[in-house]
Amino acid sequence: MTPGHCLVIPKHHVRDIFELDDENAAHVMRACRSVSNIIRDRLGPLGINLVNNNGSAADQSQFHFHVHLVPRYGRDRLLHPWERSYGNPDQIHSIAEILRGERELPRPE
């Protein structure tokens, strides 16, 4: 994607984040931090994106968990996979209640 784009891949195969256990998740994140520091110190990017896709609907194409470390250099022409917009405050509040377990997701009958 950009010069210095790296992958962090756990040695133990898991399909996606939903199969990743806590111990391996901690190892992956420590490796991401370590490689990010190397990229920053040796290549001098303005920032770094960590990207991980889980499931076909999220554009996962290789079904082995991995994290992309993408150095960003300013006008590198990479686009975000989403549009920035402001959410509806009532919907945000409602989703937060569901995520906290305070209420259930409404199901169609």
Self-check item: Pick from the stretch 70-93, criterion acidic (Asp, Glu) and loosely packed, with under 10 Cβ neighbours inside 10 Å, ranking: modelled with the highest pLDDT
Solution: Asp90
Quiz prompt | Number of positions in the stretch 39-69 that are surrounded by 13 or more Cβ atoms within 10 Å (Cβ to Cβ) and not in a loop (DSSP other than H, G, I, E, B) | solution = 10
Quiz item: Restricting to the stretch 22-72, what's the tally of residues that are within 14 Å of Val8 (Cβ to Cβ) and among the basic types (Lys, Arg)?
Solution: 2
Exercise. Output the residue which, of all residues in the stretch 2-33 that are among the charged types (D, E, K, R) and not in a helix (DSSP H, G or I), is surrounded by the most Cβ atoms within 10 Å (Cβ to Cβ).
Key: Asp16
Quiz item: Does the stretch 40-63 include one or more residues that are closer than 29 Å to Glu19 by Cβ, basic (Lys, Arg), modelled with pLDDT of 85 or more and out of contact with any helix residue (DSSP H, G or I) (no Cβ under 7 Å at 6 or more places or on another chain)?
Solution: no
Quiz item: Restricting attention to the stretch 34-48, does a residue exist that is of a type in the set (D, E, K, R) and within 15 Å of the chain's Cα centre (by Cα)?
Solution: no
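The values are calculated or read from the model by the stated rules, or taken from the named source; none is laboratory data. Source: prediction; values computed, not measured. As a convention, Cβ positions derive from the backbone with ideal geometry for all residues, glycine included, and neighbour counts pool all protein chains shown.
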